[in-house]
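Okay, structure first, notes after.
The values are calculated or read from the model by the stated rules, or taken from the named source; none is laboratory data. Computed from a predicted structure; not experimentally measured. Methodologically, a virtual Cβ is constructed for each residue, glycine included, from the backbone with ideal geometry; neighbour enumeration extends over all protein chains shown. Surface accessibility is based on the protein's heavy atoms, side chains included, excluding ligands, DNA and RNA. Shrake-Rupley method; radii C 1.70, N 1.55, O 1.52, S 1.80 Å.
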Amino acid sequence: MPSLDPVNEPPAVPQESRSGRVRAAVWTSARDLLTLERDPLPKMARPRWLAWLPHVVVVYAALMFSFLVAEQLGDHYEIRGGKVVLFSVLTGVSIVLAMFRPMAGWWLATGNAAAIAAVIAPHVGPGQAWPWMPGGLFAYAPVLLLVALRRPPRVTAEVVGLTVLATLLADVLLQPENATATSIGAGLLFGFTALLGYALQGLRLTRGKLREQQTLTEAERAQRALLEERSRIARELHDVVAHHMSVISIQAQVAPHLVDDPSEELKENLAGIRQNALEALTELRRVLGVLRSEHPEGDAGSPHHPQPTLADLDGLVENVRGAGLEVTTELAGIRRPLSPGVELTAYRIVQEALSNCLRHAPGSRVEVGIAYGPRELHLCIANSAPTRPAAPSPGAQHGLLGMRERAGMLGGELAAGPLPGGGYEVTAVLPMDPPTKKD
């Protein structure tokens, strides 16, 4: 006896599950066929003067098949009057429409073909084709080709299947006496057209992906070249600047031991030189980290060395005082934290202005003023005339340019110029809320 163990029986598929899948498939097919969305025929990418060539070819085919349908309706089936004009115009319009809205063009072409078949049925003679005229059969192929070029293969298969099925039913059920069936010819022609459209669509998509990959490759190559150049600059900076700064630091540390009974003032000055050299090395390492990073605008610097802010201004002023300048600071308004960009820009402007005072105005008195306004931060760094000649300072005069660029990036302004009596002044106005950079 056969086993009645339910474990050995094949699992039963619920009827509701089957019907649900059928409804889903029908709904998907209906949605594919009834969509009238715009999907224009893409232009050729290159060369540019041939960009509209496919559109010109389609319009030419529409005109040619319109005249062909009109000629066959009159000469082969003896149809006269306005019907000939209407059917020929609809043939051309359906081809042109399929160039922009493929499914709408297919529906128009299908309706026009059905109307032509109904009109020529009483006029079909022995050996004449029905339901497709020879011209109508070939006029319908460009519409299917345009559908296959833009729509997914599933939709193309549905369109060709419905068209061939309708042709076969017409041949079996409605074929006039002595007429030649066209279902086989229609199936072969439309199937070949669908395969051709699918192949051309795949070729177009492949070329598009290839162009996209080439663009990405070029962008990656440019990014790699940029990183290599930045790494080279960072390496040269490290080899040259870092070496000299390290030598300065070591010499400042060793110098007191080379002098018998050095004074405290000499020790303090040498200690200040060493401290500034070490801080410069730290800053240089942070900048080199930015140069070596792939994302210099992000947190490329070391997290262990945060960006300076106005809260670090006292230490900066103390270093300058230790170098021999008399610096006074004045604060106006309510001090409050600002955005990181404003804090860093304000600090760098004050730092560069004080560095210029050290180089170009030795022995001068410097006043640093910071005013917190309702919507703007005001900076003023002014120095008096120097008390002794400044030592030669080689450079490209990039300090003021860098300060202006920093202020301009935030939407602020910076002005600099001489004062009566031989002094110099740098003023800057920075917005509290810098404008957001747009892509």
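Here are some notes:
- Cα gyration tensor shape for the stretch 60-195, rounded if a/c is under 1.5, else prolate or oblate: oblate
- Residues I233 and N269, FRET efficiency given R0 of 41 Å [Cβ-Cβ distance, rounded to 0.05]: 0.80
- Whether the stretch 326-377 is rounded, prolate or oblate, judged on the alpha carbon gyration tensor where a/c under 1.5 counts as rounded: oblate
- From phi via Karplus (6.51, -1.76, 1.60), per-residue ³J(HN,Hα) for the stretch 98-114 in Hz, x at Gly/Pro: 5, 5, 10, 10, x, 6, 5, x, 5, 4, 5, 5, 5, x, 5, 5, 5
- Apolar share of the accessible surface for the chain: 62 percent from carbon plus sulfur atoms, 1.4 Å probe.
- Packing-based ranking, highest mean first, of 266-279, 81-94 given that Cβ atoms within 10 Å are counted: 81-94, 266-279
- Highest-first arrangement of 313-320, 21-28, 377-384, where packing means the average Cβ count within 10 Å: 377-384, 313-320, 21-28
- Solvent-accessible area per residue in the chain equals 62 Å², computed with a 1.4 angstrom probe and all protein chains kept.
- Packing, as the average of other Cβ atoms within 10 Å across residues, places the peptides 141-148, 255-262 in the order 141-148, 255-262, highest first.
- Between the Cα long axis of helix 134-150 and the first principal axis of the chain there is an angle of about 20°, rounded to the nearest 10.
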